[in-house]
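Below: one structure, written as structure tokens.
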Amino acid sequence: MDLQRWLSRGVAAIEDWQESFAPFERDPSLRVSDEQIASVFEDFTQRLRENYPFFHPSYAGQMLKPPHPAAVVGYLTAMLVNPNNHALDGGPATARMEKEVVAQLAGMFGLATHLGHLTTSGTIANLEALYVARELHPGSGVAYSEEAHYTHGRMCGVLGVEGIPVGVDAAGRLDLAALDDLLATGRIGTVVATAGTTGLGVIDPVHEVLAIARRHRVRVHVDAAYGGFYTLLAGGEGRAALDEAPWRAISGCDSVVVDPHKHGLQPYGCGAVLFRDPGAGRFYRHDSPYTYFTSDELHLGEISLECSRAGAAAAALWLTFQLLPPTPGGLGQVLAACRRAALDTAELIDASGRLVLFQPPELDIVCYFPVTSPPSLSAIDDASGRMLAGGMADRADPVFLSTLQVPASGFARRHAGIAADRDGARILRSVLMKPEAESHAAGLHARLERLAAG
Ligand SMILES: *Cc1c(COP(=O)(O)O)cnc(C)c1O
């Protein structure tokens with residue numbers, strides 16, 4: 001699709017709608033001439049060049065990429081109206097779109113019933129899930145793995161509940177025996193399972209966590225902010241297929257969070273929280289004398305902790321899902337390419353004499369480190385830092401990676417014989433979340449080899 005063409009169609013459609021109302025004069029205080037904007041626009045666009053090229057296959061670093069053009073057209077067109085999805089009074093059209101996309105997300109996870117909404121981010125979505133969890137299990141703690149996103153600990157602090165990290169197994173998954181022991185103490189009301197950790201991209205065994213939690217009458221929340229859309233590959237065919245068990249179990253858990261602004265092709269901020277029991281809505285009850293006046297229908301603000309939210313975010317996701325629906329044949333194809341890119345890259349690294357795979361990728365995050373002599377954590381940390389800086393400094397053919405700080409214990413469990421001369425080391429981490437990474441896997445690997453050679 002031609003971005004400029006559909007952007008102008010969007011602008012024209014909104015102008016056409018505006019012209020259906022009586023004409024009026026814009027206030028002179030708002031007037032900006034083309035000459036005025038021209039005088040600052042050059043500086044503005046020049047300043048934006050100070051960015052890493054998230055769109056390009058040479059950017060193989062953090063969890064970042066631009067939105068799909070359909071999301072851009074959806075967002076900007078709706079933004080010209082600027083609806084507020086807090087209430088049907090603020091954005092009836094986009095509030096309906098939000099309900100539709102949330103139902104599509106619920107369908108993707110196989111939820112038979114749901115109550116949910118979009119949020120500004122995964123952090124806020126998780127906060128909402130933990131807030132409802134606290135209301136249902138007052139005075140009890142929340143357990144999550146040591147590899148869970150850092151915001152779970154922070155949000156437990158915000159909510160005034162005890163957050164307890166649980167150890168992980170040799171692959172970085174929540175340790176089930178340790179979880180069972182912790183739940184037996186009776187201190188825990190809710191367990192968070194992560195379906196796709198942010199660091200290594202590891203999937204906690206949600207099905208086994210669920211079984212243990214139910215035995216102890218404990219609630220289960222799934223943080224699938226990063227990994228959630230990978231459920232589209234569960235039980236599929238081909239190399240990219242994923243083991244079904246943890247993904248199918250999500251439909252039996254109490255709540256789940258997924259970030260369309262990560263793998264759903266959306267701009268920031270677009271997260272989502274879904275509760276299996278629509279009764280969770282009662283914990284949001286509040287009086288708002290200034291809203292909810294246009295209809296008795298449920299307003300999204302009545303089931304959300306945030307007040308104002310961009311209706312444009314819902315519009316962007318709605319338009320994207322019309323074209324690339326959250327199905328195995330739609331968005332699933334995008335994710336399959338990302339996963340194959342990770343598998344290919346891992347194979348090449350495995351066969352390399354200069355690089356070592358930290359552990360096999362489960363989704364699209366590949367972590368690796370350079371071979372050093374001597375093999376020690378300090379040497380690996382230095383060499384990883386040099387590869388990161390060297391890749392970005394190469395003007396002719398730059399490559400952008402990211403690093404992951406790994407504790408000495410994490411190394412000891414996976415790579416014996418590396419001297420632990422400090423308490424951890426940085427390794428390299430590439431989130432291959434653009435489908436183009438598949439056709440660039442060999443090229444990226446060749447660049448990594450050259451960087452490792454120094
Ligand atoms: C990114 C991420 C979050 C936080 O989401 P934001 O949208 O960045 O606030 C939470 N959990 C996991 C597993 C994540 O990957």
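What follows draws every value from the coordinates through simple rules; no lab data is involved. Worth saying up front: this structure is predicted, and the values here are computed from it rather than measured. Note that we place each Cβ from the backbone using ideal geometry, even for glycine, and neighbour counts take in every protein chain shown.
Go ahead and run the numbers for FRET between Ser378 and Leu176, Cβ-Cβ distance against an R0 of 35 Å, rounding to 0.05.
Values: r = 34 Å, r/R0 = 0.97.
Efficiency, from the Cβ-Cβ distance: 0.55.
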*In what sequence, highest mean first, do 222-230, 194-202 appear when ranked by Cβ atoms within 10 angstrom?*
222-230, 194-202
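Taking the Cβ-Cβ separation of Leu80 and His56 as r and a Förster radius of 30 Å, what is the calculated FRET efficiency to the nearest 0.05? Could you put the intermediate results ahead of the total?
On the way: r = 29 Å, r/R0 = 0.98.
Rounded to the nearest 0.05, the efficiency is 0.55.
Please give the length that would be gained between Phe41 and Arg248 if that part of the chain were fully extended, namely 0.36 nm times their separation in residues minus their C-alpha to C-alpha distance (nm, one decimal).
69.5 nm is the gain from fully extending Phe41 to Arg248.
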*If you average the sequence gap of Cα pairs under 8 Å that are 6 or more apart and divide by the length of segment 331-453, what percent do you get for the contact order?*
35 percent
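With each run of n ≥ 4 DSSP H residues scored as -39500 (n - 2.57), what mean residue ellipticity at 222 nm is computed for the chain after dividing by its residue count and rounding to the nearest 500 deg cm²/dmol?
Values: 15 runs with 181 residues, N = 454.
My calculation for the chain gives -12500 deg cm²/dmol from helical runs alone.
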*Just rank Ser439, Ser29, fewest to most, by other beta-carbon atoms within 10 angstrom.*
Ser29, Ser439
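In whole percent, what relative contact order does the chain give with Cα contacts below 8 Å and a gap of six or more residues? Please list the in-between numbers first.
On the way: 853 pairs, mean separation 89.7, N = 454.
Computed value for the chain: 20 percent relative contact order.
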*Projected label distance in nm at Ile164 and Ala184, using a 7 Å step from Cα toward the beta-carbon*: 1.3 nm
*Burial ordering of Cys270, Cys338, Cys307, fewest other beta-carbon atoms within 10 Å first*: Cys307, Cys338, Cys270
*asked:* What whole-number distance in Å separates the alpha-carbon centres of segment 418-454 and segment 16-88?
replied: 34 Å
_Can you give me the distance in nm between label points at Met392 and Ala420, each placed 7 Å from the Cα along the Cα-to-Cβ direction?_
3.0 nm
*Label-point separation (nm) for Arg214 and Val32, each offset 7 Å from Cα along Cα-to-Cβ?*
5.6 nm
*Given the peptides 210-220, 47-57, 32-42, arrange them by the average over their residues of other C-beta atoms within 10 Å, most packed first.*
210-220, 47-57, 32-42
*May I ask what percent, to the nearest 5, of DSSP beta bridges between residues of the chain are antiparallel?*
55 percent
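If packing is taken as the average count of other Cβ atoms within 10 Å, what order do 83-95, 234-246 fall into, highest mean first?
Working: 83-95: 22.0, 234-246: 15.2.
Packing order, densest peptide first, comes out as 83-95, 234-246.
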*asked:* Relative contact order for segment 77-323: what percent, with Cα pairs under 8 Å and sequence separation of 6 or more?
replied: 31 percent
*Ranked by Cβ crowding within 10 angstrom, fewest neighbours first, how are Ser308, Ser251, Ser58 ordered?*
Ser308, Ser251, Ser58
*Grab the Cα-Cα distance for Cys307 and Gln333, subtract it from 0.36 nm times how many residues apart they are, and report the gain in nm with one decimal.*
5.9 nm
